[in-house]
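Structure record follows, encoded as structure tokens.
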Amino acid sequence: MIKNRVCELRKELNISQEALSTQIGTTQQAISRMENQSYNIPSDSLIRLSKFFNVTTDYILGISETKRNLDCQKRMNTELDMYYDLILRYQNLNSINQKTFLCMLKRLEEAQCECNKLSRKKNGKCSE
């Protein structure tokens, strides 16, 4: 059985079940049942708990061991959505081509760094 994250998070903030219930708009008995895992957390309460504790719903449910804050998770999801196609294309490469790609990427980063240094010295811009 997984640790009860609701209880763990509540105790970290040193608040009572009653205080938590007031914060998320439920009853002390509901918080007790959540902590005793005697019933499934309703989705609206789960969302409010997530916002109150500033963690993901996955963390509360025990799906994730990573205690990310909600804002960080949203930013990560946005980034993953933007680069999802690139990630899939990289995964479709064989291991030799993946290594080649990473070497090329490293060299591009080095070239950009060199360009930035020159740009600072000349106080101009590096051509693209």
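Towards the positive end of the charge dipole of the chain, with charges on Cβ (+1 Lys, Arg; -1 Asp, Glu), say which of Asn40, Thr22, Cys113 has the farthest Cα.
Cys113
From the phi angles alone, apply the Karplus equation (6.51, -1.76, 1.60; θ = phi - 60°) to segment 47-57 and give each ³J(HN,Hα) in whole Hz, x where the residue is Gly or Pro.
5, 5, 4, 4, 5, 4, 7, 6, 10, 7, 5
May I have the count of lysine pairs in the chain with C-alpha atoms under 27 Å apart, counting pairs 8 or more residues apart or located on different chains?
Lysine pairs meeting the criterion: 14.
Rounded, prolate or oblate: which one fits segment 72-122, using the alpha carbon gyration tensor with axes a ≥ b ≥ c (rounded when a/c is under 1.5, else prolate when a/b beats b/c, else oblate)?
Oblate, since a/c reaches 1.5 and b/c is not below a/b.
Cα-based Rg of segment 1-64 per 2.2 N^0.38 Å, rounded to two decimals? Intermediate values should be presented prior to the final figure.
Values: Rg = 10.3 Å, N = 64, 2.2 N^0.38 = 10.7 Å.
Relative to the rule-of-thumb radius for its length, segment 1-64 sits at 0.97.
Using a 7 Å offset from the Cα along the Cα-to-Cβ direction at both Ala111 and Ile15, what is the distance between the two label points in nm, to one decimal?
Label at Ala111, label at Ile15, 5.3 nm between them.
Can you give the charge dipole size of the chain about its Cα centre, rounded to the nearest 20 debye, using +1 on the beta carbon of Lys and Arg and -1 on the beta carbon of Asp and Glu?
Numbers: 20 positive and 15 negative charges, 116 e Å.
The dipole of the chain has a size of about 560 debye.
Suppose every Lys and Arg Cβ carries +1 and every Asp and Glu Cβ carries -1, with no other charges. What dipole size does segment 31-103 come out with about its Cα centre, to the nearest 20 debye?
Details: 9 positive and 8 negative charges, 21 e Å.
For segment 31-103, the charge dipole is close to 100 debye.
Springs between alpha-carbon atoms under 10 Å, Gaussian network over the chain: tell me which of Leu86, Leu49, Leu20 tops the mean-square fluctuations.
Answer for the Gaussian network model of the chain: Leu86.
Taking every pair of alpha-carbon atoms in the chain, what share in percent sits in each 5 Å bin, from 0 to the bin with the longest distance?
That works out to 2, 9, 13, 13, 10, 8, 8, 7, 8, 7, 7, 5, 2, 0, in percent per bin.
Computed from the coordinates by the stated procedures, all read-outs in this text should not be read as laboratory data. Since this is a predicted model, take the numbers as computed values, not measurements. FYI the Cβ positions are ideal-geometry reconstructions off the backbone, even for glycines, and counts take in every protein chain you see.
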